[in-house]
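One structure is given here, and the rest of the page talks about it.
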Amino acid sequence: MEQHTLDIEKQVTLLMRGTEYGDEQLKEAMRIELRQRLIEAQAEGRPLRVYCGYDPTATDLHLGHTITMQKLRQFQDLGHHVIFLIGDYTALVGDPSDKNKARPILSHEQVLENAKTFAEQAFRVLDPEKTEIRYNSEWLGKLTLVDLIYLGQNFTVQQFLARENFAKRIKEGSPIFLHETFYPLLQGYDAVMLKADVQVGGSDQLFNIIVAGRKLQEVFGQKPLVGILVDILPGTDGVQRMSKTTGNIVPIFTTSEDMYGKLMSIPDFAMGKYFRLSTRLTSEEISALEAGLAAGKIHPRDAKMRLAREIVSIFYGSEAAEAAEAAFVQIFQRKDVPEEMDVYQVQPGQSILDVLVDSGMVDSRSAGRRMIQQNGVRLNGETLDDPNAPFPGEGILQVGKRHFRRIIISKE
RNA sequence: GGGCAGGUACCGAAGUGGACAAACGGGGCUGACUGUAAAUCAGCUGGCAGACGCCUUCGGCGGUUCGAAUCCGUCCCUGCCCA
């Protein structure tokens, strides 16, 4: 018995690590509830039911999503039951939490298309053997109007208006569509249908999880879930939250080299958050690193390379991470060329511009001309300056900093 | 349903008959520099041709005009106020 409580204490410490509630009291309350729930479940001889929902509003899952996924993984590794919920119906509504404006309307077909590879992407972090995949259309699709009315009776308009993002939109005079207010109800209903003990989410999910989810579970006679809220990862710009629409994502499905490079492009000031949220380094190690940086003992470039290496190795293993680093050093630090690149075969009579466009290295002839004018096109290191000249010969064609093709001349 | 204000490029936002492919800012791209694809500085940022020029784009459609993002009609959408 003594031994078990100790185990639980360790679990609580691990599971609460990296959480962010924006309010110490709430955090403490959740810590206590988590401990209690673990004790109860253990007494009942069952694992906790833990879930996090992901809305397929776009095709790519990205590093930002993996913060909650890593938290799910922790639960999984501790033997708890994890549900990866695909929000194919909530995606139709669009979560107003993280937005300063309404989401564009998607059709259910588009959403399902987006969701196609969600699970596959998630398994880069989660254990496929231990993960239950669900779609919330399963129960949201069956909700009747009466059900919805009943759900709505538990919330007031004032609760919604008080939320920062809605208040902001009201102040700006930008629209808030009625259906957006359904979002928390639907997410809360997910929690009810899943009989969740724990819900993991970003700290922007506070209302949806702590207010809506817990409230509705109580209404349905369930014990309100424990919310595990994690901090939000900024995108590659270092400021705005990572999101596909902002265009600042590090996608999960990409090459190790690309992931490494994207991580190297984050601003120096964002390194701390990335280390804390996306790597396995302990907070002591990170603090030491930051102290070194502040004292000028550690080069920011080296710290960022460490960051990139750490994260890439989580997804691709340490060998691939080292290879990606080597490629990065080769291309960007030594300004050398990569080991591997696509091959393009030049046809007789093609001009330089023809090759740029036809090989897909530029989007249009105008863009190609611009690129040449700006000295962005090189063949074997020699800058090419006449778009209309016949393509001069074989070798390595480079456009901008990071686009390469091996050019061969067709024998004819 | 009525009154008022709006709908401009990837985003924000000027422009209110010709000099508008459309100021400015952000984003993106290129170059220089560097400590890195950070920061900073400079340039570029609809397409075709690249010399003149031509084509598509300012919510949709239709008009007025030699000429419309700009004026008129109509429709759609948003905010505020009223009901």
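Values for this structure:
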| quantity | calculated |
| --- | --- |
| Identity of the residue in region A:344-390, in contact (Cβ under 8 Å) with a residue 60 or more places away in the chain and farther than 14 Å from A:Arg405 by Cα, that ends up farthest from RNA strand B (Cβ to nearest atom) | A:Pro348 |
| Residue in region A:286-301 that is buried (at least 18 other Cβ atoms within 10 Å of the Cβ) and of a type in the set (Asp, Glu) present | no |
| Counted residues, region A:395-412 - those being surrounded by 14 or more Cβ atoms within 10 Å (Cβ to Cβ) and either outside any strand (DSSP E or B) or touching a strand residue (DSSP E or B) at 6+ places or on another chain (Cβ under 8 Å) (or both) | 10 |
| Where A:Ser243 falls short, out of the listed (1) modelled with pLDDT under 90; (2) away from RNA strand B (no atom under 16 Å from the Cβ) | (2) |
| Which listed residue is within 30 Å of A:Asp386 (Cα to Cα) and either buried (at least 18 other Cβ atoms within 10 Å of the Cβ) or not aliphatic (A, V, I, L, M) (or both), from A:Gly272, A:Gly317, A:Gly360 | A:Gly360 |
| Qualifying residues in region A:252-274 (those that are more than 10 Å from RNA strand B (Cβ to nearest atom) and of a type outside the set (Ser, Thr, Tyr)) - the one nearest to the chain's Cα centre (by Cα) | A:Ile252 |
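The values are calculated or read from the model by the stated rules, or taken from the named source; none is laboratory data. These figures come from a predicted structure and were not determined experimentally. Don't worry about glycine lacking a Cβ; one is built from the backbone with ideal geometry, like all the others, and counts go over all protein chains shown.
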